[in-house]
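Worksheet: one structure, shown below.
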Amino acid sequence: MYILTGFIIKILTAVQTKEFVILPSIIMKKKEKLAVKRSSAGLGLFANQAIKKKTRVIEYLGEIISEEEANRRGGKYLFELNDKKTIDGKDRSNVARYINHSCKPNCYPELNSTETRVFIFTKKDIEAGEEITYDYGKTYFNDIIKPHGCKCSACLEKYK
Ligand SMILES: C[S@@+](CC[C@H](N)C(=O)[O-])C[C@H]1O[C@@H](n2cnc3c(N)ncnc32)[C@H](O)[C@@H]1O
Ligand SMILES: [Zn+2]
């Protein structure tokens with residue numbers, strides 16, 4: 001009973017102090033900013049809430065491998081950093097791997113100065129519910145997307 005009373009006092013104190021901000025996040029599960037859902041091109045990454053222009057959304061994570069190793073492995077989750085290095089983002093923990101290509105994207109990838117990391121930034125304000133997309137670039141588009149037809153919303157709209 002004493003412990004329970006103490007706990008209630010602690011909550012009431014927290015409500016009146018700055019802990020109020022911390023406490024609800026412990027009790028309630030925070031809604032994720034991004035969600036993986038079905039899209040026109042398989043699974044895709046969607047915004048659960050509005051995101052302002054020029055915001056860093058997510059990092060494309062994975063093992064950095066050589067060009068030769070990338071050619072040996074292949075796969076659809078390779079992100080080329082330069083002509084020597086590629087990120088293999090195939091691991092499911094790399095949530096950015098779900099971002100699809102768009103010919104009219106709302107985001108763009110940016111490399112850090114040492115070309116070892118890739119961050120995805122918004123190029124415009126994004127609304128809650130919008131799919132996160134970026135332009136995969138000419139090589140990936142021509143080799144992998146184009147042969148089967150681009151399923152981005154801009155192309156689907158164009159050829160309807
Ligand atoms: C990095 S993955 C993106 C996530 C993928 N949709 C999934 O379900 O895992 C890249 C692959 O998704 C598909 N994809 C992405 N954007 C596409 C698009 N605009 N049109 C058709 N296929 C696309 C292609 O199969 C491509 O090789
Ligand atoms: Zn397209």
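Anything in the stretch 42-56 that is more than 16 Å from ligand 2 (Cβ to nearest atom) and part of a strand (DSSP E or B)? List them, or say none. LEU43, LEU45, PHE46, ALA47, ILE51, ARG56 - these are the residues of the stretch 42-56 that are more than 16 Å from ligand 2 (Cβ to nearest atom) and part of a strand (DSSP E or B). One residue is enough: does the stretch 99-118 have a residue meeting the conditions aromatic (Phe, Trp, Tyr), more than 16 Å from ligand 2 (Cβ to nearest atom), on the phi < 0 side of the Ramachandran plot and touching a residue at least 24 places away in the same chain (Cβ under 8 Å)? No: zero hits.
Counting residues in the stretch 121-139 that are within 22 Å of SER39 (Cβ to Cβ), in contact (Cβ under 8 Å) with a residue 24 or more places away in the chain, aromatic (Phe, Trp, Tyr) and within 15 Å of ligand 1 (Cβ to nearest atom) gives one or more. Would you confirm, using the coordinates I've provided, whether ILE87 is touching a strand residue (DSSP E or B) at 6+ places or on another chain (Cβ under 6 Å) and within 21 Å of ALA35 (Cβ to Cβ)? So ILE87 fails the test. Scanning the stretch 125-140 for residues that are within 15 Å of ligand 2 (Cβ to nearest atom) and of a type in the set (D, E, K, R) yields GLU131, ASP135, LYS138.
Where a number appears in this text, it was derived from the coordinates with a stated rule and is not lab data. On a predicted model such as this, the values are computed, not experimentally measured, just so you know. Glycine also receives a Cβ, built like all others from the backbone with ideal geometry; neighbour counts cover every protein chain displayed.
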